[in-house]
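Input: a single structure, listed below in structure tokens.
The values are calculated or read from the model by the stated rules, or taken from the named source; none is laboratory data. Since this is a predicted model, take the numbers as computed values, not measurements. Quick reminder, even Gly has a Cβ in these numbers, built from the backbone with ideal geometry, and neighbours come from all protein chains shown.
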Amino acid sequence: MTTVQTPRPRTSLGRVLDDLGATLLDLVHGDAGRNDEIGGVVIHDPADAPVLPPHALVLGIGITAPAVVAEVLRSIGPAGAAALVVRAPVQLTDEVRAAADAGNVALLGLSRGAPWVHLAAMLRSLLSEGDVGVTEEESLGGLPSGDLFAVANAIASLLDAPITIEDRNSRVLAFSGRQDEADASRVETILGRQVPQRYARILNERGVFRELHRSDQPVFVSPVPDERDGFSKPRVAIAVRAGDEVLGSIWAAVPGPLSVERAHAFQEAAKLVALHLLRVRAGADVQRRIRADLLGSALVGGAGSRQALERLGLGDAPLMVLGVGMADVSTDADHAHERQRLSDAFAMHLSAVHPRSAAALVGGVSYGLVPLSGSQSDGEERAVRIAWDFLDRVGARMRPVVAVGPVAAEFAELAHSRECIDRVLRVLRERRGDRRVARLEDIQVDSLLLEAGDAAASRGDGPTGALARLLDYDRQHKVNLVETLVAWLDAFGDVTAASEALFVHPNTFRYRLRRAAKVGGIDLGDPDQRFALMLQIRVFGPFAPRS
């Protein structure tokens, strides 16, 4: 069992069901009126069972058999868990009911079609509300700043219509109750936490988004024709702005155009949502900067390392150290945004591994520290599994690579772990192979060769001797003798394998190899000359220019 713990929880099980019920969650059995504050969200993993935070909400991913559900309920009840979520439909057998009652654990069903990752993200949003300050001017009926679900419910009451609050990319940030009064497309949007692509395309073709982004007035959207009869109810939308910047939008499923009074209320609500979104963003930015500063100080390994670790809550256990980077090291704004998104995803993933993990973007690399609960000898292997699990979940679109550093048994070893991670990431980026996860022991030779190339470049060195002669000959005569020699060396002198690698006939390959030996003045039978050539090729690259 792995844990996602959100700091400073403020949400009870009843609040979770009020905000996410009917659309995402359904109470199958148990008491929904518990007022205990949820202490964290826990992903069930039978292979790893850490101590649960108080009143945890456990996500039973992949649990369907009633006997297994009952077993999990019996295991989490004594730990004080508040609820177990499994995929609907849930088979409520006598054994399951008895196990839930014995442990005082509520049993919830997650709607079919709703991804677990979206539920986890929504729960994380609910549990972290109130982390930023609140002032009287930034409230609606006394609602705390940043509580987007409460704001959505308040706007729904003003307009008498179900509401969604979305970001610029049509991702759902929060939604009100009464979504069952809307249509199938609204339910699909909430289950996927994103406006379905087919509707977004039609709205874009109609010019709805263009009109929405250039106007501060509500925009009426007539139903979209769909063979599934999904978008059957009109919408009224309004952009949420902060000055000239569009932060997102609010969408109401309505029977028809708004009255003048409700249109005015909708405009005022958009201003309030802008304040909430800005406060949430400001709070997230401040927390991100503080965490990055603390993590950077810890990784330096100096006098402030111990204090930084203590402030991160990591001062009392050996640490697994990981680093995530992108294969493309471009520094433009788009890539900077992608790196931050990747770092946020990495932080969320690590929080599912251990409640006290820490991750932050420092100098273009997202470093992560995870307390080691098992033996130190297995630490790197476990970190590799964590890395692969992250890559499997995040996909390859952002081209992530992960380096695993040595386990840091004490704070003074963190600097060495970070150095190893930086060396590994450089190899993963520059060697451009298929490897996506590595430790230093996996790529140490490649790292040493890159560092040898750095040293040679700093002195102005370049290929000399036979390799230099072959490079010059290839340039002058537009041939590929170096490529032939490299293929032969890589194949350990196997002409058949080398010729197949270059897609040429073995006799043609033999002729080119003899020509390369003659031009370069190479004795191919001399192991010292072969080693020198292989080393130069690896350091300078087979087609490196001469200094």
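Some notes on this structure:
- Tabulated pairs, region 154-176, first free of Cβ contacts under 8 Å to residues at least 40 places away in the same chain, second of a type in the set (Asp, Glu) and surrounded by fewer than 24 Cβ atoms within 10 Å (Cβ to Cβ), C-beta under 8 angstrom, 6+ apart or interchain: Val172/Glu166
- Of all residues making up region 350-370, the number that are at pLDDT below 85 and either more than 15 Å from Ser297 (Cβ to Cβ) or in contact with a Ser or Thr (Cβ under 8 Å, 6 or more places away or on another chain) (or both): 6
- Residue count for region 216-257, restricted to those that are within 22 Å of Ala152 (Cβ to Cβ), among the hydroxyl-bearing types (Ser, Thr, Tyr) and at pLDDT 85 or above: 1.
- Residue satisfying all of: in region 436-486; in contact with a helix residue (DSSP H, G or I) (Cβ under 8 Å, 6 or more places away or on another chain), modelled with pLDDT under 90 and small (Gly, Ala, Ser); nearest to Phe503 (Cα to Cα) among these: Ala466
- Region 291-302 residues that are without any contact (Cβ under 8 Å) to a residue 24 or more places away in the chain, paired with ones that are part of a helix (DSSP H, G or I) and of a type in the set (Gly, Ala, Ser) (beta carbon under 7 Å, 6 or more apart): Ser297/Ser305; Ser297/Ala308
- Of the set (1) over 43 Å from the mean Cα position of the chain (by Cα); (2) on the phi < 0 side of the Ramachandran plot; (3) not β-branched (Val, Ile, Thr), all apply to Lys478 but (2).
- Of all residues making up region 10-23, the number that are closer than 21 Å to Leu73 by Cα and either touching a Leu at 6+ places or on another chain (Cβ under 6 Å) or part of a helix (DSSP H, G or I) (or both): 4
- For region 106-128, the condition holds for at least one residue, the condition being that it is modelled with pLDDT under 75, part of a loop (DSSP other than H, G, I, E, B) and within 19 Å of Gly39 (Cα to Cα).
- Filtered residue count, region 74-100, keeping only those that are of a type outside the set (Gly, Ala, Ser) and either touching a strand residue (DSSP E or B) at 6+ places or on another chain (Cβ under 6 Å) or touching a residue at least 60 places away in the same chain (Cβ under 8 Å) (or both): 8
- Scope region 154-171; condition surrounded by fewer than 19 Cβ atoms within 10 Å (Cβ to Cβ) and part of a loop (DSSP other than H, G, I, E, B); matching residues: Asp160, Arg168, Asn169
- Among the residues listed as Gly325, Gly296, Gly283, the single one being surrounded by 15 or more Cβ atoms within 10 Å (Cβ to Cβ) and modelled with pLDDT under 85: Gly283
- Residue within region 84-101 that is surrounded by fewer than 16 Cβ atoms within 10 Å (Cβ to Cβ), assigned to a loop (DSSP other than H, G, I, E, B), modelled with pLDDT under 85 and out of contact with any helix residue (DSSP H, G or I) (no Cβ under 8 Å at 6 or more places or on another chain) present: no
- Residue satisfying all of: in region 498-539; of a type in the set (Val, Ile, Thr) and under 48 Å from the mean Cα position of the chain (by Cα); nearest to Ala466 (Cα to Cα) among these: Ile537
Every residue, every condition in (1) among the β-branched types (Val, Ile, Thr); (2) assigned by TED's automatic domain parsing to the domain that holds Arg306; (3) exposed (fewer than 14 other Cβ atoms within 10 Å of the Cβ), yes or no:
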{"position": "Arg393", "(1), (2), (3)": "no, yes, yes"}
{"position": "Ala412", "(1), (2), (3)": "no, yes, yes"}
{"position": "Ser417", "(1), (2), (3)": "no, yes, no"}
{"position": "Val424", "(1), (2), (3)": "yes, yes, no"}
{"position": "Ala438", "(1), (2), (3)": "no, yes, no"}
{"position": "Asp442", "(1), (2), (3)": "no, yes, no"}
{"position": "Asp446", "(1), (2), (3)": "no, yes, no"}
{"position": "Leu449", "(1), (2), (3)": "no, yes, no"}
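- Contact annotation: residue pairs with Cβ atoms under 7 Å, 6 or more positions apart or on different chains, pairing a residue in region 307-328 that is of a type in the set (Val, Ile, Thr) with a partner that is assigned to a loop (DSSP other than H, G, I, E, B), are Val321/Gly405.
- A count restricted to region 177-228 and to residues that are aliphatic (A, V, I, L, M), assigned to a helix (DSSP H, G or I) and without any contact (Cβ under 8 Å) to a residue 60 or more places away in the chain stands at 6.
- Boolean, Gly62 is modelled with pLDDT under 85 and small (Gly, Ala, Ser): no
- The condition (being in contact with a Pro (Cβ under 6 Å, 6 or more places away or on another chain) and not in a helix (DSSP H, G or I)) is satisfied by just one residue among Gly39, Gly33: Gly39.
- Screening region 172-194 for residues that are within 27 Å of the chain's Cα centre (by Cα) and either at pLDDT 85 or above or of a type in the set (Asp, Glu) (or both) and picking the one that is surrounded by the fewest Cβ atoms within 10 Å (Cβ to Cβ) gives Glu188.
- Any hit, region 442-463, residues being of a type outside the set (Phe, Trp, Tyr), part of a helix (DSSP H, G or I) and over 45 Å from the mean Cα position of the chain (by Cα): no
- Filter pass, Asp389 being under 24 Å from Ala121 (Cβ atoms), among the charged types (D, E, K, R) and out of contact with any helix residue (DSSP H, G or I) (no Cβ under 7 Å at 6 or more places or on another chain): yes
- Selected residue (only one of Thr496, Thr464 is surrounded by fewer than 18 Cβ atoms within 10 Å (Cβ to Cβ), without any contact (Cβ under 8 Å) to a residue 12 or more places away in the chain, farther than 25 Å from Ile443 by Cβ and of a type in the set (S, T, N, Q)): Thr496
- Selected residue (only one of Ser259, Ser249, Ser232 is in contact (Cβ under 8 Å) with a residue 12 or more places away in the chain and farther than 16 Å from Thr164 by Cα): Ser232
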